1. In nm, what is the difference between 0.36 nm times the number of residues separating SER246 and LYS389 and their Cα-Cα distance?
2. At a probe radius of 1.4 Å, what is the per-residue accessible area of GLU723, in Å² to the nearest 10?
3. Carbon-plus-sulfur fraction of the accessible area of segment 300-371, 1.4 Å probe, in percent?
4. Note down the relative contact order for segment 143-266 as a percent, whole number, built from C-alpha pairs under 8 angstrom at least six residues apart.
5. Okay, which of segment 580-594 sit inside 19 Å, backbone N to the point 7 Å along the Cα-Cβ direction of GLU336?
6. Which order do the peptides 590-600, 696-706, 780-790, 401-411 take when ranked by the mean count of other beta-carbon atoms within 10 Å per residue, highest first?
7. Computed FRET efficiency, Cβ-Cβ of LEU814 and ASP306, R0 60 Å: what is it to the nearest 0.05?
8. For the modelled label position 7 Å from the Cα of GLU654 along Cα-to-Cβ, which residues of segment 313-335 have backbone nitrogen atoms closer than 20 Å?
Amino acid sequence: MPTRHKRENENKNNKTISTLHTTQHMAETRKLHPAGAVLLIINLLMASRISLSRSILLLQRTNNHFPYSHFTPKRFPKSYPCPLWSSSFSLCLQTLHKSSTTTATTPPFISNCYSSISMDPVADEANPLLQDFEFPPFDVVEAKHVRPGIRALLKNLESDLEELERTVEPSWPKLVEPLEKIADQLTVVWGMINHLKAVKDSPELRAAIEEVQPEKVKFQLRLGQSKPIYNAFKAIQDSPQWPSLSDARKRIVESQIKEGVLNGVALDDDKREQFNKIEQELERLSQKFGENVLDATKKFEKIITDKKDIEGLPATSLGLAAQTAVSKGHTDASAENGPWIITLDAPSFMSVMQHARNRGLREEIYRAYVTRASSGDLNNTAIIDEILKLRLEKAKLLGYNNYTEVSMATKMATVEKAEELLEKLRAASWNAAVQDMEDLKIFSKNQGAMEANDLTHWDTGFWAERLRESKYDINEEELRPFFSLPKVMDALFNLAKTIFGIDIEPADGLAPVWNNDVKFYCVKDSLGSPIAYFYFDPYSRPSEKRGGAWMDEVVSRSRVLSPNGTAPRLPIAHMVCNQTPPVGDKPSLMTFREVETVFHEFGHALQHMLTKQDEGLVAGIRGIEWDAVELPSQFMENWCYHRETLMGIAKHYETGESLPEEVYLKLLAARTFRAGSFSLRQIKFASLDLELHTKYIPGALESIYDVDQRVSKRTQVIPPLPEDRFLCGFSHIFAGGYAAGYYSYKWAEVLSADAFSAFEDAGLDNHKAVKETGHKFRETILALGGGKAPLEVFVEFRGREPSPEALLRHNGLLSVTTSA
């Protein structure tokens with residue numbers, strides 16, 4: 001889901017630290033702060049970060065916090081932000097094939113091709129944000145360009161908007177096309193600086209964005225609450241031509257009218273003024289929330305000089321800790337002799353939770369993680385209260401009882417259906433999760449652990465990893481040499497070629513990048529013509545880069561924004577992860593969870609890049625209901641367990657030896673290990689999100705932490721610590737696109753598991769059947785974008801409505817659910 005929905009790795013890691021309150025993402029990744037019917041367009045455009053906290057990392061209607069706003073993140077920040085491991089158009093590709101003779105070195109588009117914009121040539125020359133470009137100039141944009149660049153852009157856009165309002169007619173050429181051009185300009189330029197803030201943060205860049213952000217929001221509100229534009233959409237819907245419009249165009253008109261109402265276009269002047277103040281303040285608070293989480297994460301450092309204190313940490317983690325120490329001025333640090341620095345960044349934190357034998361160290365790091373951004377100048381408590389208060393006020397202004405009703409107005413589910421699904425899955429998971437804890441107690445006691453009868457949060461990850469190693473004879477750290485990043489990417493691209501008929505080629509040097517580790521790729525169709533591009537930023541950089549994993553939109557496919565009037569502008573995406581970087585002369589050696597995360601974010605990117613939708617406002621991940629946007633990302637994760645795919649990845653980086661067959665079988669068997677616990681973790685996040693946005697009354701006797709404790713009694717086998725402040729780092733719902741929408745991960749899991757079961761039904765070893773099913777998946781789920789209701793798209797692919805049977809079967813919970 002894009003932005004939209006985001007991924008601080010809230011879900012994937014959920015699989016490794018299920019009971020830890022650590023991975024919050026997508027793209028604490030994946031956000032809807034509407035500001036007008038037309039603002040939806042900007043929101044759809046600018047909110048494409050799915051997120052992940054898989055996190056995802058997605059849609060953030062204000063699009064400020066995450067690049068993957070409406071889709072990502074999620075900052076669809078597995079956002080899942082996208083959970084600690086977890087925001088096209090029509091000249092069909094056949095036309096593109098015939099008309100395009102471009103290659104990967106001659107991109108067939110420029111992203112700033114707006115004939116209506118006339119900017120000062122001196123300013124253009126001096127400010128890269130105002131220049132025409134084929135690819136965004138990420139390498140030269142600096143904080144000093146933000147204030148003058150955004151203000152010059154907004155001045156021109158204001159003029160364009162006034163002209164549109166004077167000349168608007170209820171027709172596509174006189175309404176939607178000029179509107180898309182206005183929205184896209186702001187999306188591309190603001191998306192550029194917002195992306196840099198996520199991957200190359202600095203105090204100067206923050207200050208510049210914070211200063212111009214209110215001006216940007218003011219323009220979004222002005223655009224979204226334009227009565228002439230809103231009335232023109234209404235006139236199209238009421239016109240005799242309405243029945244003859246395509247499904248995609250009807251979807252655009254209907255969504256613009258609905259979003260217009262949700263964004264205050266129909267409010268009286270005094271109420272609209274109040275609404276706009278709320279939107280401005282929500283934007284500011286959300287931005288500040290995310291900054292506090294990042295700063296609190298960066299602030300914590302644990303220096304260790306005695307190797308006994310970090311016994312159990314694998315060599316990879318020791319190397320990373322020493323490398324961090326070197327970067328902090330300890331020039332003589334080494335993996336063998338230290339000193340070592342432990343941080344709250346995911347690779348460091350997770351390693352301690354799973355492998356450190358020092359229980360005191362685990363407790364210290366865990367407590368630091370679950371109290372991030374909850375004290376001093378970085379305390380998010382008051383910010384959360386104010387966000388919830390303002391969201392409720394906004395809902396009341398719009399005539400709703402609570403903010404959840406506002407959120408559900410643009411989703412597949414209803415409040416009742418979402419709660420029904422969560423309760424069904426909770427009931428199916430509870431007994432299994434209780435048994436998971438009993439298994440840990442018995443195992444740790446047999447190992448002589450003094451804490452066996454008192455296992456708590458900082459023990460479960462450690463003993464779960466030991467039990468998994470014992471039960472399946474799998475040591476995830478020992479598997480790292482089989483999962484080197486180059487091999488993983490090669491196998492992923494080969495899979496995409498097999499299933500979807502595309503070729504992915506390196507195109508480094510073609511586009512400017514923001515860090516030397518960033519890779520750039522060109523996606524080509526079966527005829528060799530470029531159809532998309534994407535950046536991949538794989539490694540953790542705690543000093544400047546937000547945690548999690550997410551997918552983000554750079555530019556979308558667009559007929560209206562065609563550079564030559566014939567072939568559409570091609571889509572470009574970001575894929576951002578935070579995995580362990582190379583250490584010394586070794587490539588990045590990945591955990592299996594990190595492999596899943598890359599597949600997840602690539603699924604988001606595929607839906608953005610392989611769209612065949614003609615209408616830009618519903619191309620790719622735009623316009624897709626938030627609770628369906630995670631379908632392609634979670635679908636791709638299933639291939640990590642496909643024998644041929646996994647064996648294609650798993651080659652020892654030094655010897656070339658394949659992963660032993662018995663190890664693959666153990667990985668497959670371990671897939672459902674602690675499935676009940678992992679499921680409950682996500683259900684807790686989703687249930688808490690709905691509770692806070694449905695029934696919680698800001699300022700009443702019950703605090704947000706009381707609500708957390710109350711919800712956890714039904715959704716967690718071990719209740720949170722009294723001092724747990726997990727909510728202060730829950731970026732998915734307070735700085736991402738998942739407010740009253742975190743349930744979307746489980747909702748989309750049903751869709752994705754059922755979609756993958758189509759390949760299982762066809763026969764995963766039947767290459768012909770897999771290709772045929774993959775073609776159908778591409779032509780429906782990946783190609784149609786938001787131009788058709790997601791349920792209709794799913795039925796077109798699957799031949800029926802979705803069933804939860806496949807998800808429960810994949811998780812080993814089917815029999816439990818049947819009895820429940």
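1. Gain in length upon complete extension: 47.4 nm.
2. Approximately 80 Å² of GLU723 is accessible to the 1.4 Å probe.
3. Percent of accessible area from carbon and sulfur atoms in segment 300-371: 45.
4. Relative contact order here is 33 percent.
5. 583-586
6. 590-600, 780-790, 401-411, 696-706
7. That gives a FRET efficiency of 0.80.
8. Backbone N within reach: 313-323, 334-335.
The values are calculated or read from the model by the stated rules, or taken from the named source; none is laboratory data. Here the structure is a predicted model, which means the values were calculated and not measured. Backbone-built Cβ (ideal geometry, glycine too); neighbour counts: all protein chains shown. Surface accessibility is based on the protein's heavy atoms, side chains included, excluding ligands, DNA and RNA. Shrake-Rupley method; radii C 1.70, N 1.55, O 1.52, S 1.80 Å.
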